[in-house]
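Worksheet: one structure, shown below.
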Amino acid sequence: MSVFAAFAFVLLLMALGRSLAWRRLVPDSAPDALNIVVLYVCMPASILLQVPKLQFASTAFGVMLVPWLLLVLSTALVLGAARLLRLQRPDTAVLLLEVPLGNTSFLGFALIPVLASPAAMPFAVLYDQFGSFLILSTFGLTVIAIYSGGARPTPAAVVRRVLGFPPFLALVFALTLMPAQPPQAIAAVLQQLAGAMLPLVGLALGMQLKLRLPRAQLLPLGLGLAGKLFVMPALAWLLCLALGLGPDARAAVVLEAAMPPMITAAALAAMARLSPELGSALVGYGVVLSMASLPLWRWWLGL
């Protein structure tokens, strides 16, 4: 599938999902059900298929380091902008979450093989699992606790969250026991399950899509979208050059950094009553705008 065809397919799926939700042909819980299938079935299958092909070297560790370096840089930028522009505390909390954290698993896993190549996929898994997921489980929950006045997560709670995450368990199995070349029958099944990810993700995104414009929060909305879709991938590209990452690793890192804001982070912020309209707008407009920004970053990488 070409890049143009892939994005046209995603937009079509999102439109179908939005239409199904708008016409009340599916229950409100439908996107959650689709996301669970992706989380428990499609993503583990993709990880088991791709990660065993990875040969650990300095490149792999560089890929895992980049999202944490981006977290440090984004935190400094967001806090500086919040103080300079006198942003509200809830808006600042959402930006702290959504600027460094992108939709690197659901949308990233579905699009990386199309935008880059299958060889980039194992690096995308490392970026997501050792970067985005761990950052959300540690830094993300801490930000929510600080800005909402709740209790900070304990190390034991973080460990339980990590060990109970199906893709992470699949990653551990893929790195230890899964052969690089599994039997053809097993590989075919995994390929079919992984291939279902893009249609399910597209439909779920459409069902969840909200494009309400919070007029009182236009400034943080613009800052968040610019930071996530352009500043973070630009910084990721510079870090890749500094770390000497190869073409496949560099493509995975930059494109993962360019993914739109994370749905899960916005949902957690909304549950804590931290600017739910801003979080929803960042996710909705981020998904739509990324259909244009991601091809630009692919062009920049020379893919």
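Tabulated data for the structure shown
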| read-out | value |
| --- | --- |
| Residues being hydroxyl-bearing (Ser, Thr, Tyr) and at pLDDT 90 or above - total across the stretch 98-139 | 1 |
| Residues (at pLDDT below 75, small (Gly, Ala, Ser) and in a helix (DSSP H, G or I)) located in the stretch 140-162 | Ala157 |
| Checking Val253 against (1) surrounded by fewer than 24 Cβ atoms within 10 Å (Cβ to Cβ); (2) of a type in the set (Val, Ile, Thr); (3) under 25 Å from Pro118 (Cβ atoms), the condition it does not meet | (1) |
| Hey, Glu256 farther than 18 Å from Arg212 by Cβ and either in contact with a His (Cβ under 6 Å, 6 or more places away or on another chain) or not hydroxyl-bearing (Ser, Thr, Tyr) (or both) or not | yes |
| Residue tally, condition under 16 Å from Pro233 (Cβ atoms) and among the polar types (S, T, N, Q), over the stretch 69-91 | 1 |
| Of all residues in the stretch 163-188 being in contact (Cβ under 8 Å) with a residue 40 or more places away in the chain, among the hydrophobic types (A, V, I, L, M, F, W, C) and part of a helix (DSSP H, G or I), the one that is farthest from Asn35 (Cα to Cα) | Leu175 |
| Residues located in the stretch 92-104, provided they are surrounded by 24 or more Cβ atoms within 10 Å (Cβ to Cβ), out of contact with any Gly (no Cβ under 6 Å at 6 or more places or on another chain) and farther than 20 Å from Ala234 by Cα | Ala93 |
| Options Met259, Met291; residue that is part of a loop (DSSP other than H, G, I, E, B), at pLDDT 85 or above and not small (Gly, Ala, Ser) | Met259 |
| Cβ-Cβ under 6 Å pairs, at least 6 apart or on other chains, the stretch 30-53 side more than 18 Å from Ile112 (Cα to Cα) and in contact (Cβ under 8 Å) with a residue 60 or more places away in the chain, far side of a type in the set (Ser, Thr, Tyr) and in a helix (DSSP H, G or I) | none |
| Options Ala272, Ala267: the member that is farther than 19 Å from Leu71 by Cβ, in contact (Cβ under 8 Å) with a residue 40 or more places away in the chain and either surrounded by fewer than 24 Cβ atoms within 10 Å (Cβ to Cβ) or touching a Leu at 6+ places or on another chain (Cβ under 6 Å) (or both) | Ala272 |
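The values are calculated or read from the model by the stated rules, or taken from the named source; none is laboratory data. A quick note: this is a predicted structure, and the numbers were derived from the prediction, not measured. Quick reminder, even Gly has a Cβ in these numbers, built from the backbone with ideal geometry, and neighbours come from all protein chains shown.
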